[in-house]
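The structure under discussion appears below in the form of structure tokens.
The values are calculated or read from the model by the stated rules, or taken from the named source; none is laboratory data. Here the structure is a predicted model, which means the values were calculated and not measured. A quick note on method: Cβ atoms are made from the backbone with ideal geometry, for glycine too, and the neighbour counts reach across all protein chains shown. Keep in mind that these areas ignore ligands, DNA and RNA; they rest on the heavy atoms of the full protein, side chains included. Shrake-Rupley method; radii C 1.70, N 1.55, O 1.52, S 1.80 Å.
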Amino acid sequence: MKLEGRTVLLTGATGGIGAALVATLVARGAHVLAVARHADRLNALARSHPAGAVTPFAADLTEPADRASLLAHARTLLPSPSVLVLAHARPAFGLFPAQSDAEFDALVRTNLTAPMQLIRCLLPVLQAHSQAAVLAVGSTFGSLAFPGFSAYSASKFGLRGLIEGLGREHADGTVRFQYIAPRATRTPFNAPAVDALNRALGTHVDEPAAVADALVHAIERGTRRRQLGWSEALFARINALLPALVDRSLAKQLPLIRHHAGGAPSAVSQEHRHDPLPH
């Protein structure tokens with residue numbers, strides 16, 4: 001898919017990966033309808049790019065009225081969006097018993113329910129194009145559940161299932177569904193406890209620009225599934241085939257993970273993500 005001249009609706013646009021995606025998409029000649037919750041940050045993002053390249057739209061995607069306003073605005077654009085990139089996320093790092101019902105509800109609403117609802121309402125707009133795509137920015141934890149991230153992993157497993165199911169349901173249509181999973185990414189918004197865990201585990205951390213380039217390349221190439229990072233891809237594959245091996249590997253690291261997760265605040269802005277992984 002050639003992105004030049006297309007309109008891309010991007011959620012989580014002011015996050016670490018999101019902002020890098022905006023820059024990469026604009027460089028490819030796309031117009032970006034940039035969605036996030038905070039208008040001031042969106043406006044600053046739009047001003048950092050050539051005039052008219054980025055349209056900021058402040059919305060909380062968990063709110064029905066905001067989704068309706070976003071859909072109405074998307075329909076007014078020429079061309080209307082033919083690519084939807086779901087790059088927003090709400091992390092939840094911490095020990096499971098310490099997390100509240102409110103945190104669970106917010107996590108599932110942001111990471112799973114809102115993508116379901118946004119895709120459903122935007123699907124007719126996408127289907128009006130002869131070629132369209134929905135790309136979900138997933139997580140390694142969407143195929144490899146990790147201690148300290150049990151609830152977060154559950155939400156990302158659900159997102160992966162959603163995109164895979166929609167891809168099969170619309171296999172004979174014009175809309176392609178893609179799930180691309182970054183590994184750990186360096187952003188200034190990571191919780192200090194997550195940064196500390198990454199350092200303790202010796203985790204390889206990618207730069208947001210490199211992740212954005214891989215994601216945009218996946219849109220252009222039509223890649224339906226990909227885990228970024230060869231070691232992470234191998235680890236996820238082993239988890240699918242021989243989960244007991246992964247159980248034993250992670251059990252050895254459990255005291256270290258508990259140490260860092262025990263005092264970590266679990267709620268972080270929905271526009272930023274952090275995915276630490278063991279080597």
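For L21, work out the one condition from (1) assigned to a loop (DSSP other than H, G, I, E, B); (2) open to solvent by less than 50 Å² (accessible area, probe 1.4 Å) it doesn't fulfil.
(1)
Go over the candidates D213, D195 one by one and state the one that is open to solvent by 20 Å² or more (accessible area, probe 1.4 Å) and more than 17 Å from V137 (Cα to Cα).
Details: D213 fails: more than 17 Å from V137 (Cα to Cα).
The match here is D195.
Condition test on G142, is it without any contact (Cβ under 8 Å) to a residue 40 or more places away in the chain, at negative phi and open to solvent by 10 Å² or more (accessible area, probe 1.4 Å)? Break it down stepwise before answering.
Details: without any contact (Cβ under 8 Å) to a residue 40 or more places away in the chain: yes; at negative phi: yes; open to solvent by 10 Å² or more (accessible area, probe 1.4 Å): no.
Spelling it out, it is not the case that G142 is without any contact (Cβ under 8 Å) to a residue 40 or more places away in the chain, at negative phi and open to solvent by 10 Å² or more (accessible area, probe 1.4 Å).
Give me the pairs: first residue in region 161-172 and within 16 Å of L135 (Cβ to Cβ) and part of a loop (DSSP other than H, G, I, E, B), second residue open to solvent by less than 40 Å² (accessible area, probe 1.4 Å) and among the aromatic types (F, W, Y), beta-carbon distance under 9 Å, and six or more apart or on different chains, which are they?
Within 9 Å, the pairs are H170/F177.
Within region 108-120, can one find any residue that is touching a residue at least 40 places away in the same chain (Cβ under 8 Å), of a type in the set (A, V, I, L, M, F, W, C), open to solvent by 10 Å² or more (accessible area, probe 1.4 Å) and in a loop (DSSP other than H, G, I, E, B)?
Start the filter on region 108-120 by keeping residues that are touching a residue at least 40 places away in the same chain (Cβ under 8 Å), which leaves 108-119.
If we keep only those that are of a type in the set (A, V, I, L, M, F, W, C) as well, we get 108, 112, 114, 116, 118-119.
Then keep just the ones that are open to solvent by 10 Å² or more (accessible area, probe 1.4 Å); that gives 108, 112, 116.
From what's left, in a loop (DSSP other than H, G, I, E, B): none.
Within region 108-120, none of the residues are touching a residue at least 40 places away in the same chain (Cβ under 8 Å), of a type in the set (A, V, I, L, M, F, W, C), open to solvent by 10 Å² or more (accessible area, probe 1.4 Å) and in a loop (DSSP other than H, G, I, E, B).
If we scan region 220-227, do we find a residue that is crowded, with 21+ Cβ neighbours inside 10 Å, outside any helix (DSSP H, G or I) and in contact with a strand residue (DSSP E or B) (Cβ under 7 Å, 6 or more places away or on another chain)? Before you say what the answer is, go through the steps one by one.
Let us first name the residues in region 220-227 that are crowded, with 21+ Cβ neighbours inside 10 Å, namely 227.
Checking which are outside any helix (DSSP H, G or I) leaves us with 227.
Then drop every residue that is not in contact with a strand residue (DSSP E or B) (Cβ under 7 Å, 6 or more places away or on another chain), which leaves 227.
For region 220-227, residues crowded, with 21+ Cβ neighbours inside 10 Å, outside any helix (DSSP H, G or I) and in contact with a strand residue (DSSP E or B) (Cβ under 7 Å, 6 or more places away or on another chain): present.
Testing A209 on (1) touching a strand residue (DSSP E or B) at 6+ places or on another chain (Cβ under 9 Å); (2) more than 24 Å from L166 (Cβ to Cβ), one condition comes back false. Which one is that?
It fails just one condition, (1).
Which pairs turn up if I take residues in region 123-135 that are under 16 Å from R67 (Cα atoms) and modelled with pLDDT of 95 or more and look for partners that are of a type in the set (V, I, T) and surrounded by fewer than 19 Cβ atoms within 10 Å (Cβ to Cβ) with beta carbon separation below 8 Å, at least 6 apart in sequence or on another chain?
Here the result reads L126/T174, each pair linking region 123-135 to a residue that is of a type in the set (V, I, T) and surrounded by fewer than 19 Cβ atoms within 10 Å (Cβ to Cβ).
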